[in-house]
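First the structure, in the form of structure tokens, and then the observations on it.
Only the coordinates and a few stated rules stand behind these numbers; no lab work does. Being a predicted model, the structure only gives us computed values, none of them experimental. Because the Cβ atoms are built from the backbone with ideal geometry, glycine has one as well, and the counts that use them run over all protein chains shown.
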Amino acid sequence: MAHVGNNKVYITRKLPGPALEMLQEFDVTLHKRQEPPTRKEILKNVAGKDAILCMLSDKIDKEVMDAAGPQLKIISSYSTGFEHIDVAEATKRGIYVTYTSDILAEATADITFALILACARNVVAGDRMVRQKKWKVGWMPDLLLGQNVHGATIGIVGLGKIGSAVARRARGFGMEILYHSRRRNEAAEQELGARYADLDYLLAQSDFVTIHTTLNDASRHLVNSERLQKMKRTAFFINTARGAVVNERDLAAALKKGIIAGAGLDVFEKEPLGGKSPLLAMKNVVLLPHIGSADRMTRSKMAEVAAKSILDVLAEGKEPDPKFLVNPPAKRR
Ligand code: GLV
């Protein structure tokens, strides 16, 4: 094996937590600006690298792998989504692709509930009212009346690690839990008290529809105007997964026309959300800047996991932990 110090690693952003320290024995190129590296910078900086530690905002495709060269052994993504990486191409070249798996499931479920509560109970509107000195009367019987969360029905689309963590929280809130996913999960149904439903039924019955699927060809624009029409007019749409699972134009139109009551969004088709987005002016929408996993503990653990996968491959000469490996050996051959 090559001497450890000869290995070159490109890290595309400064990370909270121990990643840099863990990788200090390597020759590390660190992108230091807050803004993501440009395409040109990525293509330049990957040259000759043995490992890339990238973010979900960095597109890692064939051209990047070509620019890196044949010594590239691992692409470790500091994210649970990996649709920004051409996994098939990496697999063909025998390059490991790793991700942070379920490390951020609990944090993302937390922010999902933050959005559910914020939308349903007018948390943001209330804060604005107080700050803008529009709270004139004191306690009022009908001030900012919202929708009950406890006892309401939640429809979870995608019952993976994050969807399940949301279901556990929903159970604590005494909610009726429906879920839809590609495969029925009877063990999870038992554990979480969730009921399987087809998508149309889930949309029609739920007071909160929350998205937890990965983004792929099947889930892109899964939610469109036709599906939004199926929801209750009093229901809220929550998305902490990927923006492109919903057709954002259709969603904005449905919100404007009152087809649904509101939305809580942490993710968008294009990030950052452009200044012209109609969502910005809507009072029935709570918007967050893609911070689903952004608690200090989780982000630090994600950094540790992403760096450890690189250490496994470059320092130990072994496969990354299967839990974090997107393309296990059978798939890489
Ligand atoms: C966040 O969205 C992630 O994929 O880690």
### Query
In whole Å, what is the distance between the alpha-carbon centres of segment 166-181 and segment 31-63?
39
### Task
Using only Cα atoms, figure out Rg for the chain and give it as a multiple of 2.2 N^0.38 Å.
1.09
#### Entry: q = 0.12, 0.13, 0.17 Å⁻¹: log10 I(q)/I(0) that the Debye formula gives for segment 105-287, counting C-alpha atoms only
-0.54, -0.63, -1.06
### Query
Using 0.36 nm per residue, how much length does the chain from ALA88 to ASN148 gain when fully extended, once their Cα-Cα distance is taken away?
17.1 nm
### Query
How big is the charge dipole of the chain about its Cα centre, in debye rounded to the nearest 20, if each Lys and Arg gets +1 on its Cβ and each Asp and Glu gets -1 on its Cβ?
900
### Query
Setting aside same-chain residues fewer than 8 positions from LYS161, which aspartates and glutamates have a Cα under 12 Å from its Cα?
ASP102, GLU106
### Task
Along each of the three principal axes of the Cα atoms of segment 1-94, give the extent in whole Å, ordering the values from largest to smallest.
33, 30, 25
### Query
Where in the chain lies the longest segment free of GluC sites (Glu not before Pro) that are both loop residues by DSSP (not H, G, I, E, B) and have at most 15 other Cβ atoms within 10 Å?
26-315
### Task
Describe numerically, in nm with one decimal, the distance between label points set 7 Å from Cα along Cα→Cβ at LYS62 and at ALA125.
5.1
### Query
What are the trypsin sites (Lys or Arg not before Pro) within segment 179-257 that DSSP puts in a loop, where the Cβ has at most 15 other Cβ atoms within 10 Å?
ARG182, ARG183, ARG184, ARG220, ARG233
### Query
Quick one: length gained pulling LEU20 to LEU287 fully straight, 0.36 nm per residue minus the C-alpha distance?
93.0 nm
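What FRET efficiency do you get for THR234 and ARG296 if R0 is 35 Å and r is their Cβ-Cβ distance, rounded to the nearest 0.05?
0.45
If R0 is 51 Å, what FRET efficiency do you get for ALA218 and VAL137 from their C-beta distance, rounded to 0.05?
Details: r = 51 Å, r/R0 = 1.00.
The formula returns an efficiency of 0.50 here.
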### Message
Once each part is reduced to its C-alpha centroid, what is the distance from segment 215-272 to segment 75-119 in angstrom?
### Response
20
#### Entry: Charge dipole magnitude, Cβ of K and R +1, D and E -1 - segment 105-287, Cα centre, debye nearest 20
660
### Query
Can you give the FRET efficiency for GLU41 and ALA187, using 1/(1 + (r/R0)^6), R0 = 56 Å, r = Cβ-Cβ distance, to the nearest 0.05?
0.75
### Query
Name the trypsin sites (Lys or Arg not before Pro) in segment 87-144 that are in a loop by DSSP and that have at most 10 other C-beta atoms within 10 Å, would you?
LYS133, LYS134, LYS136
### Message
What is the ratio of the Cα radius of gyration of segment 178-226 to 2.2 N^0.38 Å, with N the residue count, to two decimals?
### Response
1.20
